[in-house]
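Data block below; observations after.
The values are calculated or read from the model by the stated rules, or taken from the named source; none is laboratory data. Because the structure is predicted, anything quoted here is derived from the model rather than measured. Neighbour counts run over all protein chains shown; Cβ positions are idealised from the backbone, glycine included.
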Ligand code: 5GP
Ligand code: ZN
């Protein structure tokens, strides 16, 4: 699927909505979350529009791996020793934007189980 004009994250990829982009290549864009839940809170998204992580994994196991690899690289660049990566899938799990995205959170301790 290509970019979707009414998708917030597709619009960020296109540059139609400003974002604090920390990494970008042909397949992955990473930018700071507008409502950070930790001192470092970055969203990593595929440049193709796909609804959630499961659909992304089915579309391209390579691409979902690229998100995880980029998250690790960015965590190192940001000096994060420990960090949390999260895909929320479905509104009951807290997904509010239906373009797959990996949350990268760090810079504070995290509780388990998550809320
Ligand atoms: P979800 O709740 O779908 O797992 O995560 C969506 C995330 O997108 C939320 O953490 C929310 O703060 C973030 N977000 C929503 N709108 C914008 C925006 O316009 N710009 C940025 N940078 N992040 C956004
Ligand atoms: Zn999209």
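Before moving on, here are some points about what is shown:
- For segment 13-50, the tally of residues that are in contact (Cβ under 8 Å) with a residue 24 or more places away in the chain, under 13 Å from the mean Cα position of the chain (by Cα) and under 30 Å from residue 109 (Cβ atoms) stands at 12.
- The requirement of being touching a helix residue (DSSP H, G or I) at 6+ places or on another chain (Cβ under 8 Å) and either in a strand (DSSP E or B) or over 21 Å from residue 109 (Cβ atoms) (or both) is fulfilled nowhere in segment 69-82; no residue meets it.
- The listed residue being out of contact with any strand residue (DSSP E or B) (no Cβ under 6 Å at 6 or more places or on another chain) and away from ligand 1 (no atom under 16 Å from the Cβ), out of 75, 111: 111
- The criterion of at least 2 residues that are away from ligand 2 (no atom under 16 Å from the Cβ) and either buried (at least 18 other Cβ atoms within 10 Å of the Cβ) or at pLDDT below 95 (or both) is met by the following strands (runs of 3 or more DSSP E) wholly inside segment 1-47: 40-46.
- Sole exception among (1) within 16 Å of ligand 2 (Cβ to nearest atom); (2) surrounded by fewer than 17 Cβ atoms within 10 Å (Cβ to Cβ); (3) free of Cβ contacts under 8 Å to residues at least 40 places away in the same chain for residue 87, by number: (2)
- Any hit, segment 104-111, residues being crowded, with 17+ Cβ neighbours inside 10 Å, more than 21 Å from residue 8 (Cβ to Cβ), more than 16 Å from ligand 2 (Cβ to nearest atom) and in contact (Cβ under 8 Å) with a residue 12 or more places away in the chain: yes
- Condition check for residue 50: part of a loop (DSSP other than H, G, I, E, B), crowded, with 18+ Cβ neighbours inside 10 Å and within 13 Å of ligand 2 (Cβ to nearest atom): yes
- Scanning segment 90-103 for residues that are surrounded by fewer than 17 Cβ atoms within 10 Å (Cβ to Cβ), outside any loop (DSSP other than H, G, I, E, B) and more than 9 Å from ligand 1 (Cβ to nearest atom) yields a count of 1.
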